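Trainee: Below you'll find the structure I mean.
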Amino acid sequence: MSDTLSELLFSPNPIWHYFWIAWMLVLFSVLLIQLPLAYFALVRPFDKKFEMKNIILERGIFYGSFIVRLTNYVHGIVFEPYRGKLSNPIAKRLIDGKFAYQDRLYEKRINMRSSASPLQIVLSYILVASTIVMVGGMIPLLIHNFILYPDFAAAHGG
């Protein structure tokens, strides 16, 4: 294997570069656009609407607390239409279990979807889709670096 700069920077598969650019744009948008927007558009308004009791990491690490609350609010907004209505036992258990946790957390049943504005609903769906792309993007990365082109990954130190 040659150590020229072009071989170290570019994968032998040209389609990989388009995937890499798209995946990095999603990661960039999540970290630098969506999460700050979610903090000001979702977390702060919902913190003011609902009394916060019994939240893990509420005091201490800000980012951990923010992600826990954001996940809770997004799940409450996105999955509320499916609460108690699914016929698949696995999906029903996952969704209803999430809402059982929320009901214990807030000590009452809260319909977060009805309390959300259209912007908050759209932002919640975008966050869920971006999370799926982020996690799902690891699969092609691992296949590319460890199965198809291990020499390319070794040249990058991975």
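Trainee: If ligands, DNA and RNA are left out, what is the accessible area of Lys49 with a 1.4 Å probe, given in Å² to the nearest 10?
Mentor: Here the accessible area works out near 110 Å².
Trainee: Which of Lys48/Lys92; Lys85/Lys108; Lys49/Lys92 have a Cα-Cα distance over 23 Å?
Mentor: Flagged as over cut-off: Lys48/Lys92; Lys49/Lys92.
Trainee: OK, next. Just to confirm a number: summing +1 for Lys and Arg and -1 for Asp and Glu over residues other than Glu80 whose beta-carbon lies under 14 angstrom from that of Glu80, what do you get?
Mentor: +3
Trainee: When only Cα pairs under 8 Å and 6 or more residues apart are kept, what is the percent relative contact order across segment 14-147?
Mentor: Rounded, it is 31 percent for segment 14-147.
Trainee: If you count only protein heavy atoms with a 1.4 Å probe, what accessible area per residue comes out for segment 92-140, rounded to a whole Å²?
Mentor: Result: 61 Å² per residue.
Trainee: Leaving out ligands, DNA and RNA, and with a 1.4 Å probe, what % of the accessible surface on segment 14-147 is carbon or sulfur?
Mentor: Of the solvent-accessible surface of segment 14-147, carbon and sulfur hold 71 percent.
Trainee: Charges only on Cβ, +1 for Lys and Arg, -1 for Asp and Glu: so what's the dipole of segment 14-147 about the Cα centre, in debye to the nearest 20?
Mentor: That gives a dipole near 420 debye.
Trainee: Determine the principal axes of the Cα atoms in segment 14-147, then give the extent along each, sorted from largest to smallest and rounded to whole angstroms.
Mentor: The Cα atoms of segment 14-147 stretch 53, 36, 29 Å along the principal axes, largest first.
Trainee: Protein chains only, probe 1.4 Å: how do Ser117, Ser124 rank by accessible area, largest first?
Mentor: Descending order: Ser117, Ser124.
The values are calculated or read from the model by the stated rules, or taken from the named source; none is laboratory data. Because the structure is predicted, anything quoted here is derived from the model rather than measured. When we count neighbours, we look across all protein chains shown, and the Cβ atoms used for this are built from the backbone with ideal geometry, even at glycine. Side chains included, ligands, DNA and RNA excluded: accessible areas come from the protein's heavy atoms. Shrake-Rupley method; radii C 1.70, N 1.55, O 1.52, S 1.80 Å.
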